[in-house]
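Some notes on the structure that comes next.
The values are calculated or read from the model by the stated rules, or taken from the named source; none is laboratory data. Keep in mind it's a predicted model, so treat the numbers as computed, not measured. Positions of Cβ are generated from backbone atoms using ideal geometry, with glycine treated the same way; all protein chains shown enter the neighbour counts. These accessible areas exclude ligands, DNA and RNA; they are computed on the full protein's heavy atoms, side chains included. Shrake-Rupley method; radii C 1.70, N 1.55, O 1.52, S 1.80 Å.
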Amino acid sequence: MLEKNYNPKDFEEKIYADWEISGDFKPDMRSDKDAFSIVIPPPNVTGVLHMGHALNDTLQDILVRYNRMLGKKVLWQPGTDHAGIATQMVVERNLAKEGISRHDLGREKFIETVWKWREKSGGTICKQLRRLGASCDWSRERFTMDEGLSRAVRKIFVSLYKDGLIYKAKKLVNWDSKFMTAVSDLEVIQKETVGKMYYYKYPIEREKGEYIHIATTRPETMFGDTAVAVSKDNEKLKHLIGKNAILPIVNRPIPIIADEHADPEKGTGAVKITPAHDFNDFEVGKRHNLPLINILNPDATLNENTPFPGMDTQTARKKTIEKLEELGLMERIEDHPMVIPYGDRSGVVIEPLLTDQWFVDAPTLAKEAIRAVEEGEMEFVPKSYEKTYFEWMRNIQPWCISRQLWWGHQMPIWYGPDGTIFCEENEEEAKAAADKHYGKKVELTRETDVLDTWFSSGLWAFSTLGWPDKTEYLDTFYPTSVLVTAFDIIFFWVARMMMMSMYKMKRVPFAKCYIHGLVRDEHGQKMSKSKGNTVDPMETIEKYGADALRFFMAAMETQGRDINMSESRIAGYRNFATKLWNAARFGEMNQCLSQPDFDENSVKHPVNKWIVAKAKEATKEVTDNLNNFRFSDAANAVYQFTWGSFCDWYIEMIKPLLYGEDESAKSETRAAFAWVLDRILVILHPFMPFITTELWNNTASRQVKLIHAPWPKEEKIDTAAMNDIDWAIELISSIRSLRAEMNLPAGAKLTAYLKGASETSLKNMHAFSNIICSLARLEKLDALQGEVTPDMVQSVFREATVLLPLKGVVDFAAERERLRKELDSLNKNLEGYARKLSNPSFVERAPAAVVAEEKRRQAEAMENKSKVEEALQRIANF
RNA sequence: GGGUGUGUAGCUCAGUGGUAUGAGCACUACGUUGACAUCGUAGGGGUCGCUGGUUCGAUCCCAGCCACACCCACCA
């Protein structure tokens, strides 16, 4: 017996454990059906589940469960990401509590500590994914730092290096002074701030009283200036070109050069050029062969190339200004809106810094990645994201992959005594290569830099399947079927996976890429810890059940839009689960048992025929929409059917049958009920796996587990049977509504009321009374088939127009006006139809079906016109 | 500066070239009839951002405008 109340906590975890223990998430490798695979976007090993994961993983689980029920070989490959900076940060923070820094431990010990930490705390998010119901094959769980994946990383790295696609270069990079590492462009967040613009002047060499006026937001960088640029078209300043300015305080002469970078309209028209600390200036420096002077230490304090070694930039800025003021060179300071780059993890200002770093030749790798999308080998859903992807890929810059961290994949690079680079997959090979190169044994030192986390993530689609080994899984599941991810990760991950996969596998990593939005708070604000508007999915699950949260995510997921969190809506879907639970209880109480040999096509009673047809219609809608990644439409179809058709109408309509005397109708109805409930459980299962499984297990003894139950194949839908009752429902609804409008006493029979009505009104209700008779039949629910026709319902509406004014409910004049307007509009339409149909080119050239449709519409409009005229006629009497 | 998207009921959002059968929540009235008050029945509530154009007909297509959001690049 089912419990009286739906209480998800009673069974969700138990059911999940059963699936996992029974190996229900593992693909059936012996099956000859198609493969379907998804690799999970690996959450950070430090992560805890947030609503974004809940959305992302719910969508994947829906696809995975649906395809599993289609009988395919399904693999959902799970795992976590080592998340270089994030993880190192967490562990360092823990150490700091004990007063230890990573430098106290040393590299090796520190890495050991990270591994230990991961053992202990790294599994949180995977546990939480289980709670959500994610049907990943956990036996295949991977971690980007696993030996297998690390091997893949080394192999790709060496291959890229040997193909000349990875190189070392001294370049200006984004430097994070907190972690003291380079970061990629993507890891830099630009933030709007109101800063200051400083105006001051540099004296001109050997020309007393002559100055060049400079404007800058960062005066302290002047010690790295190696030129001042002006535009050659700048009439006011071009006479200075070729002369030298004297850099104050340090009294270093620097040339005044002509460069198009200097915009005469901006600032003072003259730009100080600091090639080692500004990306634009770096380019100017290259054009003019300027020296590069680095003025910063790795921790962003000034170095010995400045008068203020060891000082942080803010203090140095003040000092510089003071000095300039003392020298009488400072002119003014203004507020200035500007954008300052910050590290996305560290939150500190990112400094452009000149260092040796390693780069991937992204522009070259991007070519194939672009082509694959252009030629449709990989499709974005929604398609509009293609544009974003192309835009980024076509303007891609070399990707800085080296990080001066400890936690991550150490680069497979060894240096010989003279600095010669040996890039091999392991130390032995590097040594061998070095021996060969030098003709003798030499000592090698390994590069200490580690790789950007996204380097290993880029290989995820094939490294998790066993590459570089040839494995059955790689063979079966690569390329994967679809990648599901949020738009903010397109550049970080999707683009890199595409590049890496096209490079090494020569095939796309996934056939489709479904992009969803972000989960925001209920007012559309981005969720963030600092705003305090985050909602913890675990708490939501605790309160409403995982099914309710999942269904919410599915029902809200319309392609390409962000989702606003709404607790009331989640509660609504919990209520939906309750509704289904109670419907199942109703079935149980009425002995509606699933019958194995039941043929749903053999039902006789109109109500049963109707619900069977409706169930098939809903199935088709769910199927079609899931095939097209239309999650909300799919979820709504099953919701509407279950609540709107099955619970609201079917159950009410079969009560007289179940409580009645007709035994054959009764047994047919019981079986039909059970069949429909089973159907609901099947098509709802991908969305609400827990409650459906619980009901499946408790309403009958089953041959198959619901998780493996076959998804219904395409079915013929008896539309005639469906229409009969659909019309009846519309009819009943309209009559109920009418009753309310007429203020009938509660419980009064409409027929009784009509008996008491005046002759005149009854006269006008000829058609209406027909419907009342139909209603009477309906309530008995016999001989229903074919009794209620669209015409009857039409007449209800028509007659209502007349009836309502009678009772003073509707304003007569307004009603007349409305009808006149309708008549006008119909006349206009009729003109249009007539014109179109008398146009020879339309009649001759348009497809026959279109012309027929036009004629049908014309006929319909004519009919409507006469009805409206008739109504107007009648209304005229009142 | 470049790009993308959004503007529909009180709120959050679906949707469509043919009178908006819109959904959930909120609201109002009535109702504890034997699945369900985590419920039922009914109701109120919309100039579908503004202005033009195409069309017999536009909320939907096109153009312009207004407002908002996001992404990319830059600002000495």
Under 5 Å from the placed amide H of A:M197, counting only residues 5+ away or on other chains, we find A:E334, A:D335, A:H336
Quick check for me: using +1 on Lys/Arg Cβ and -1 on Asp/Glu Cβ, what's the dipole size of region A:399-439 about its Cα centre, in debye to the nearest 20? 200
Region A:109-171: mean projected area of Cα convex hull, nm²: 7.4
Treating cross-link reach as a plain straight distance, find the lysines whose alpha-carbon is under 25 Å from the alpha-carbon of A:K116, omitting any fewer than eight places away in the same chain. A:K97, A:K127, A:K178
With no solvent and one equal point scatterer per Cα, compute the Debye intensity ratio I(q)/I(0) for region A:520-573 at 0.17, 0.19 Å⁻¹ and report its log10, rounded to two decimals. -0.52, -0.65
Alpha-carbon centroid distance for the pair region A:413-451 / region A:79-106, whole angstrom: 29
Which aspartates and glutamates, if any, have their Cα less than 18 Å from the Cα of A:K666, not counting same-chain residues under 8 positions apart? A:E588, A:D597, A:D599, A:E600, A:E652, A:E779, A:D782
Under 15 Å Cα-Cα from A:K14, which aspartates and glutamates qualify once same-chain neighbours fewer than 8 residues away are excluded? A:D24, A:E542, A:D547, A:E694
Can you list the residues, at least 5 places off or on another chain, whose amide H is less than 5 Å from the amide H of A:F143, using H built in the peptide plane? A:T80
Which links in A:K4/A:K616; A:K387/A:K506; A:K383/A:K705; A:K73/A:K367 stretch past 26 Å when you go from one Cα to the other? A:K4/A:K616; A:K383/A:K705; A:K73/A:K367
Per-residue HN-Hα couplings for region A:303-310, Karplus 6.51 cos²θ - 1.76 cosθ + 1.60 at θ = phi - 60°, whole Hz, x for Gly and Pro? 9, 6, 7, 10, x, 10, x, x
Per-residue SASA entry for A:K171, accessible area with 1.4 Å probe, Å² rounded to 10: 60
Let me check I have the definition right: for region A:331-466, take the eigenvalues of the Cα gyration tensor, multiply each by 5, take square roots. What are those semi-axes in whole Å, largest first? 35, 27, 14
If every alpha-carbon in region A:210-288 counts as one equal scatterer, what log10 I(q)/I(0) does Debye give at q = 0.14, 0.17, 0.18 1/Å? -0.38, -0.57, -0.64
Normalise the Debye intensity by I(0) for region A:346-387, one equal point scatterer per Cα, no solvent, then take log10 at q = 0.19, 0.23, 0.28 Å⁻¹ and round to two decimals. -0.73, -0.80, -1.00
In whole Å, what are the Cα extents of region A:467-535 along the three principal axes, biggest one first? 48, 21, 19
Using the Karplus equation 6.51 cos²θ - 1.76 cosθ + 1.60 (θ = phi - 60°), what ³J(HN,Hα) coupling, rounded to whole Hz, does each residue of region A:91-106 give in order, writing x for Gly and Pro? 5, 4, 5, 4, 5, 4, 4, 9, x, 10, 9, 5, 5, 4, 7, x
Give me, ordered by chain and number, the residues 5 or more places off A:I212 or on other chains with an amide H under 5 Å from its own placed amide H. A:Y202, A:I204
Shape box of region A:429-570 [Cα atoms, principal axes, largest first, Å]: 75, 38, 26
Taking loop as defined by DSSP and a crowding limit of 13 other beta carbons within 10 Å, which GluC sites (Glu not before Pro) in region A:507-552 fit? A:E522
Dividing the convex hull volume of the alpha carbon atoms of region A:510-655 by its residue count, what do you get in Å³ per residue? 154
How high is the relative contact order of region A:20-158, in percent, with contacts defined as C-alpha pairs under 8 Å that are six or more residues apart? 36
From the phi of every residue in region A:353-366, what ³J(HN,Hα) in whole Hz does the Karplus formula 6.51 cos²θ - 1.76 cosθ + 1.60 yield, where θ is phi - 60° and glycine or proline is x? 9, 8, 9, 7, 9, 9, 10, 9, 6, 4, x, 6, 5, 5
